[in-house]
Amino acid sequence: MNFNAPNNTETIDRIKLENKSGKNIYETICILEKVSQKISDKIKIDLDNKLEEFNIINKNNLEEIFENKEQIELSKFYEQLPKATSISIQYLLDEKIKI
């Protein structure tokens, strides 16, 4: 997964968002919330699927569950992803979604 969204909070000019969406700021926020929820759900499903692989592998060895470095790295990767709201805003700014 490669997102061009910032990891930190950034202030975005509401006029810029309104111009990109063609809607007022309230409608834009409602639409972006729905998009961010879909992005969040997709990321969660992806993470759950990858973590499920570790559960299948480690069912017989409980000690390995707590010390699996690959699982720790995977979790760190997902923790460092930008928030779904930042991703949805960036999608709008990059014109990857049409409102």
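The values are calculated or read from the model by the stated rules, or taken from the named source; none is laboratory data. As the structure is a prediction and not an experimental result, all values here were calculated from the model. Note that we place each Cβ from the backbone using ideal geometry, even for glycine, and neighbour counts take in every protein chain shown. Remember, those area values only see protein heavy atoms, side chains included, never the ligands or the DNA or RNA. Shrake-Rupley method; radii C 1.70, N 1.55, O 1.52, S 1.80 Å.
Across the range 73-99, the number of residues qualifying as of a type in the set (A, V, I, L, M) and modelled with pLDDT under 85 comes to 1. Within the range 2-20, the set of residues being open to solvent by less than 100 Å² (accessible area, probe 1.4 Å) and touching a residue at least 60 places away in the same chain (Cβ under 8 Å) comprises PHE3, ALA5, PRO6, ILE12, LEU17, LYS20. The lone criterion from (1) more than 24 Å from TYR78 (Cβ to Cβ); (2) modelled with pLDDT of 80 or more left unmet by ASN60 is number (2).
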